[in-house]
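*Asks:* Quick one: the structure is below, and I'll ask about it shortly.
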Amino acid sequence: MPGDIGYGTQLQGGDTAGTAFGAIANVFDLSGPELERDDVEVTTYDSTDRYREYIPGLREGGEITATLNLVSTAASLQQLYHSTAAQTTAGPASSTSADIGSFESNTNRVWRIVGPNTDFWQFTGYVKGLVQAQPIDDRRTWEATFKVSGRPVPAILDSETTMLAKQVPFRKFGLK
């Protein structure tokens, strides 16, 4: 089966319960989550052939990086930096809009990376860092780094209404 391109992928920020989401505007590159596991050394004096021995340790959800066009009036900058209610790409915040977790909020929020085929990763985390780039000969950008807290979950949406159809077992992605 051929692969697919990322065109149409969205980064969505949610409230603390993960019940309301808003798309972060102007994103053009996403990477992560960076899943890792600790190595726990269990070498003993009688380990075979003088090689170190290990067992798997705790898992780490890692970080997710998003790169956005830096647009001075973009609501996405407000969503990532300020701890006020979000302004989504659909317009200003309302009582039903997601209160996007941000750099200033000191609160874990639920986030999603939604692919063009309604596959997505959902994770709890916070904005760990924001970096601006203003090169002389290219577009100005923001790079936002999100720290994942706990287990990021791959899943599939049953429609574009963000209704969770089912959680995909990690083994489908080659993970345990």
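The values are calculated or read from the model by the stated rules, or taken from the named source; none is laboratory data. Bear in mind the structure is a predicted one, so any value in this text is a computation, not a measurement. In this analysis, Cβ positions are derived from the backbone assuming ideal geometry, glycine residues included, and neighbour counts consider all displayed protein chains.
*Asks:* Based on this model, can you work out whether GLY14 counts as crowded, with 17+ Cβ neighbours inside 10 Å, at pLDDT 75 or above and more than 16 Å from TYR126 (Cβ to Cβ)? Break it down into steps so the answer makes sense when it comes.
*Replies:* Details: crowded, with 17+ Cβ neighbours inside 10 Å: yes; at pLDDT 75 or above: yes; more than 16 Å from TYR126 (Cβ to Cβ): no.
Spelling it out, it is not the case that GLY14 is crowded, with 17+ Cβ neighbours inside 10 Å, at pLDDT 75 or above and more than 16 Å from TYR126 (Cβ to Cβ).
*Asks:* Turning to a different aspect of this structure: Can you tell me which condition GLU34 does not meet? The list is (1) modelled with pLDDT under 90; (2) under 24 Å from TYR126 (Cβ atoms); (3) not in a strand (DSSP E or B), and all the others hold.
*Replies:* With respect to (1) modelled with pLDDT under 90; (2) under 24 Å from TYR126 (Cβ atoms); (3) not in a strand (DSSP E or B), GLU34 is out only on (1).
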